[in-house]
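Student: Before we start, here is the structure in question, set down as structure tokens.
The values are calculated or read from the model by the stated rules, or taken from the named source; none is laboratory data. Since we're looking at a predicted model, the values are computed, not measured. Neighbour counts are summed over all protein chains in view; Cβ atoms, including those assigned to glycine, are modelled from backbone coordinates with ideal geometry.
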Amino acid sequence: MFAQNAELRFGTVSNFGREGAFTAQVTINNNSSLALPKGEGNWRIYIHSVKRILSSDSAEFTFKHLQGDLYELSPTDKFPGLTSGKSLRFPYVARGHIVSYSDFMPRAFIANTAGDAAVFANTDTENLEAFVDPFIKPEQFLRFDTPKDFYSVVTTKSRYHTNMAINQLDVDTEHVKIVPTPKNVTYSKGSAQIDNRWVIIEVGGLAFESGYLQQRLHDAGLSLEKRVSTNIPKQQVIALSVDKKLADSAAYELNITSEKITVSAGTATGVFYGVQSLLSLLPVEKATVQSVPALRVFDEPRAEWRGMHYDLARNFHGKEAVLSLVEQMGRYKLNKLHLHLTEDEGWRIEIPGLPELTEVGAFRCFDLTETTCLMTQLGNGPSKSAAGNGYLTAADFTDIIKFAAQRHIDVIPEIDMPGHSRAAIKSMEARYKKLMASGQKAAAEQYLLSDPQDKSRYMSVQSYSDNAANVCLPSTYEFIEKVTYELQQMYRKAGQKLTVFHMGGDEVGAGAWTSSPACAQLFANNDKGVAGVADLKPYFVQRVSEMTNKRGLDLMGWEDGLMYDPNNTFNRNQLFNKRVIANAWDNIWEAGVADRAHRLANNGYDVVISGATHLYFDHPHEASAGERGYHWATRYTDLAKVFGFMPDNLYANADRTFIGNEITNLNGLVGRILPPLKKPGHVLGMQGQVWTETIRTAEQLQTMIFPRVIVLAERAWFKAEWESDSPDVSKRATDWREFAATLVAKELPKLEQSGVKFYLPPPGGIRVNNQLSANSSLPGIGIEYSLNNGKDWVQYQDKVDVGTGQVLLRSRLHSVVSNIATVD
């Protein structure tokens with residue numbers, strides 16, 4: 001009853017004045033008829049704070065850190081009580097800065113000592129402004145004042161002037177564009193008018209590709225017959241065939257004349273990509289006659305690895321969210337789906353024989369003993385049925401593998417260890433307790449990931465002190481062996497082969513294993529070449545390497561999982577796998593670690609460029625408090641920024657520092673010469689990433705990924721003329737404008753038809769002499785304005801008289817609308 005009517009709110013007081021920290025407050029407004037009694041009491045309040053709380057000046061409350069982002073607020077004997085109609089504020093100091101509403105987590109709750117919990121109703125929402133005080137002052141929406149934050153928060157006025165510069169560019173709209181751009185395309189006069197008299201013919205071995213084409217054409221309004229034949233008519237036919245002369249497995253040729261369309265490639269993969277290029281030419285509207293231009297395409301990808309990483313471990317969004325992403329990846333010729341299946345906050349894949357991993361590890365709730373679930377995290381509150389909980393069954397995962405393989409996408413499973421392993425550790429501890437209670441000591445210890453005698457003290461980046469699997473326990477490796485075996489079985493059931501095992505390996509808290517008796521014994525024996533703590537990470541990687549190599553697998557990990565320190569990689573010759581692949585992610589330019597990609601490649605590791613400053617799609621779309629996402633690597637990542645990324649010219653992407661200063665001399669900024677890439681053959685390609693700490697629903701997931709993933713696909717497939725160590729910024733801007741026009745005209749409407757939610761940038765606008773002028777960063781997007789606080793919306797045409805009252809703006813494309821902007 002109290003939580004239903006009382007209100008809990010968060011507020012940023014100031015990001016200024018404290019180096020590396022900010023001040024904030026929790027406010028409780030008692031709008032209920034009940035009172036909280038004075039004194040210590042038998043109740044506690046629980047909040048989620050992803051920013052580590054360092055201290056509080058409150059005498060009435062103590063802030064106790066439990067694990068991760070969960071804090072317990074306990075009343076002291078000085079708590080004055082909170083009667084109906086009264087409010088109390090509790091200040092605190094936390095690490096870093098906070099400039100987005102999504103940095104505050106929902107579903108704060110109150111609980112009694114019996115374990116009964118109730119969520120504060122105003123926080124039980126994804127409308128974050130319902131419980132976060134507005135950011136209205138510079139010290140709230142800027143990150144710091146010393147040094148100055150050079151990333152200004154956007155306004156409708158600043159958007160307007162930025163958009164003006166973009167909109168003045170002339171672009172080529174004569175030809176219908178294929179996305180991603182083909183390597184070579186020649187347009188001819190005329191077109192093919194496809195109607196139901198046309199026939200799809202495949203020359204054997206292309207059943208899925210021809211059936212896929214037939215279905216997509218049916219979705220476009222056509223009903224074409226499909227045949228298997230070597231006898232191809234000369235007219236009104238779409239012919240799919242394998243031509244062994246095309247050596248690259250992804251290369252294809254597409255030839256369109258008024259009478260015939262042919263797609264040929266050296267493999268079914270290439271044919272599938274040729275089919276996608278044909279479908280890319282189709283108009284948006286359904287029709288019984290579809291016109292595509294006459295042209296000839298010779299195409300192949302720039303990169304072997306064209307990937308998208310999806311963290312479904314922090315928050316789980318269901319099997320359909322994965323399948324939807326896979327479908328769109330196939331349409332844009334991406335070929336690697338990196339599934340981050342395990343984390344501190346959740347284990348999301350069923351492993352036969354280890355039911356605790358999903359019974360306990362796939363759910364978060366209010367159980368501080370963590371016997372039935374993990375401790376609640378990331379704003380999902382006390383309920384086990386809350387959003388973000390759940391897992392993929394083995395059958396679900398097999399279905400995903402099959403679905404992806406049909407679209408020529410490899411699924412790369414990541415089991416993140418030894419850090420980021422809390423869900424697995426707590427699940428195996430629950431298993432241990434259960435089996436020990438029935439006297440099964442040997443079975444209880446078989447897969448244990450933690451040493452009960454380990455007194456090591458550490459804190460991970462995400463504020464966990466118990467998330468590092470003990471690499472000195474033999475049971476840790478039995479666990480990995482068991483999980484790897486079961487994963488391989490799932491791939492075999494799908495008719496596929498697991499080829500790459502991603503071990504994670506990143507962000508182990510400093511101090512882990514330093515007081516572990518098991519590790520001390522390992523050091524004493526020294527029969528594994530392990531003399532001290534610094535040897536433990538390479539020891540772990542070497543053992544996992546040996547294990548996976550015996551299973552015929554390549555090994556993959558995040559870059560820091562394969563390095564002693566920022567400059568020194570593990571000895572590649574001591575790892576057994578034919579290929580060891582690193583995701584090179586940490587590229588905050590002035591930190592001096594953006595050269596890790598080159599260091600790893602030069603030392604014999606294969607590398608996938610995954611730079612956080614441009615390719616982390618969990619970062620905001622623009623510098624605005626209302627935009628979802630973290631901002632630790634860069635203040636924002638918009639579509640143009642992704643489009644401009646150059647994977648072959650890594651250092652040339654250094655545009656701005658973390659605080660927003662323009663970078664003109666990267667070597668000077670870092671203070672040393674950054675190593676060149678000596679072995680470019682070891683750079684496999686590039687990959688986008690989405691981490692889901694702030695993403696609790698499937699719709700939120702899609703609006704963070706789309707349409708950025710389409711722009712990623714463009715860069716992964718096609719190398720533009722302007723890419724170089726000194727890029728032609730004028731040509732890049734023109735190309736972006738042309739690509740954006742295609743995005744609006746075709747690709748976004750097709751996403752909408754597929755039921756995919758996507759992000760639209762809000763419009764810019766200014767008011768001069770009561771006249772409104774508005775524009776968009778994407779050409780062709782509709783703009784609407786409201787003069788009555790959003791009750792009614794009117795299509796913006798050109799300069800319009802709006803008077804002196806409040807003016808709201810939003811972008812619209814069919815049924816999709818942007819966030820609302822207020823004209824300054």
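Student: Quick one: which of 594, 582 is in contact (Cβ under 8 Å) with a residue 24 or more places away in the chain, among the aliphatic types (A, V, I, L, M), crowded, with 21+ Cβ neighbours inside 10 Å and part of a strand (DSSP E or B)?
Tutor: Unique residue meeting the criteria: 582.
Student: For the range 746-765, enumerate the residues that are farther than 23 Å from residue 620 by Cβ and either over 26 Å from the mean Cα position of the chain (by Cα) or in a loop (DSSP other than H, G, I, E, B) (or both).
Tutor: Scanning the range 746-765 gives 754, 755.
Student: Consider residue 379 carefully, then state whether it is touching a residue at least 12 places away in the same chain (Cβ under 8 Å) and either more than 27 Å from residue 757 (Cβ to Cβ) or touching a Phe, Trp or Tyr at 6+ places or on another chain (Cβ under 7 Å) (or both).
Tutor: Judged against the criteria, residue 379 is not a match.
Student: Right, next: Within the range 775-802, how many residues are among the β-branched types (Val, Ile, Thr) and free of Cβ contacts under 8 Å to residues at least 12 places away in the same chain?
Tutor: 1
Student: Of the residues in the range 28-74, how many are among the aromatic types (Phe, Trp, Tyr) and touching a residue at least 40 places away in the same chain (Cβ under 8 Å)?
Tutor: 2
Student: For the range 521-536, how many residues meet the condition of being part of a helix (DSSP H, G or I) and exposed (fewer than 14 other Cβ atoms within 10 Å of the Cβ)?
Tutor: 4
Student: Tell me, which strands (runs of 3 or more DSSP E) lie completely within the range 88-201 with 2 or more residues that are under 29 Å from the mean Cα position of the chain (by Cα), among the hydroxyl-bearing types (Ser, Thr, Tyr) and in the same structural domain as residue 18 (by TED's automatic domain parsing)?
Tutor: So the answer is none; nothing clears 2.
Student: Quick one: how many residues across the range 309-356 are among the hydrophobic types (A, V, I, L, M, F, W, C) and either in contact with a Ser or Thr (Cβ under 9 Å, 6 or more places away or on another chain) or not assigned by TED's automatic domain parsing to the domain that holds residue 483 (or both)?
Tutor: So the answer is 7.
Student: Just the residues that are small (Gly, Ala, Ser) and part of a helix (DSSP H, G or I), please, taken from the range 388-442.
Tutor: 394, 395, 404, 405, 423, 424, 427, 430, 437, 442
Student: Applying the selection to the range 537-560, what residues are assigned to a helix (DSSP H, G or I) and either of a type in the set (Lys, Arg) or touching a helix residue (DSSP H, G or I) at 6+ places or on another chain (Cβ under 7 Å) (or both)?
Tutor: 537, 541, 542, 543, 544, 547, 548, 550, 559
Student: Next question, about the same structure. Only one of (1) acidic (Asp, Glu); (2) in a loop (DSSP other than H, G, I, E, B); (3) under 25 Å from residue 620 (Cβ atoms) is not met by residue 798, so which one is it?
Tutor: Unmet for residue 798, out of (1) acidic (Asp, Glu); (2) in a loop (DSSP other than H, G, I, E, B); (3) under 25 Å from residue 620 (Cβ atoms): (3).
Student: Assigned by TED's automatic domain parsing to the domain that holds residue 485, outside any helix (DSSP H, G or I) and either within 30 Å of residue 656 (Cβ to Cβ) or under 28 Å from the mean Cα position of the chain (by Cα) (or both): does that describe residue 501?
Tutor: yes
Student: State which residue pairs qualify: first residue exposed (fewer than 13 other Cβ atoms within 10 Å of the Cβ) and inside the range 551-574, second residue of a type in the set (Lys, Arg) in any location, beta carbons under 6 Å apart, and separation of 6 or more residues or different chains.
Tutor: Close Cβ pairs (under 6 Å, with a partner that is of a type in the set (Lys, Arg)) do not exist here.
Student: Could you go through the range 688-697 and let me know if any residue there is hydrophobic (A, V, I, L, M, F, W, C), at pLDDT 95 or above and either touching a Pro at 6+ places or on another chain (Cβ under 6 Å) or over 23 Å from residue 591 (Cα atoms) (or both).
Tutor: yes
Student: Kindly list the number of the only condition in (1) at pLDDT 95 or above; (2) of a type outside the set (Ser, Thr, Tyr); (3) in contact with a Leu (Cβ under 7 Å, 6 or more places away or on another chain) that fails for residue 63.
Tutor: (1)
Student: Something else about it: Taking into account only those residues within the range 284-318 that are in a loop (DSSP other than H, G, I, E, B), surrounded by fewer than 18 Cβ atoms within 10 Å (Cβ to Cβ) and not acidic (Asp, Glu), which is nearest to the chain's Cα centre (by Cα)?
Tutor: The qualifying residue nearest to the chain's Cα centre (by Cα) is 318.
Student: Further question on the same structure: Of all residues in the range 801-820, which are in a loop (DSSP other than H, G, I, E, B), polar (S, T, N, Q) and in contact with a strand residue (DSSP E or B) (Cβ under 9 Å, 6 or more places away or on another chain)?
Tutor: Listed by number, the residues that qualify are 804, 806, 818, 819.
Student: Considering each residue of the range 201-226, count those that are surrounded by fewer than 21 Cβ atoms within 10 Å (Cβ to Cβ) and under 22 Å from residue 287 (Cβ atoms), and give that number.
Tutor: Total satisfying the criteria: 14.
This table checks each residue for (1) over 16 Å from the mean Cα position of the chain (by Cα); (2) at pLDDT 95 or above; (3) surrounded by 24 or more Cβ atoms within 10 Å (Cβ to Cβ); (4) among the β-branched types (Val, Ile, Thr).
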| position | (1), (2), (3), (4) |
| --- | --- |
| 273 | yes, yes, yes, no |
| 282 | yes, yes, no, no |
| 320 | yes, yes, no, no |
| 325 | no, yes, yes, no |
| 332 | yes, yes, no, no |
| 343 | no, yes, yes, no |
| 353 | yes, yes, no, no |
| 367 | yes, yes, no, no |
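Student: Give me the pairs: first residue in the range 304-320 and closer than 20 Å to residue 384 by Cα, second residue among the basic types (Lys, Arg), beta-carbon distance under 6 Å, and six or more apart or on different chains, which are they?
Tutor: Going by the 6 Å Cβ cut-off, the qualifying pairs are 312/348; 313/348; 315/696; 316/348.
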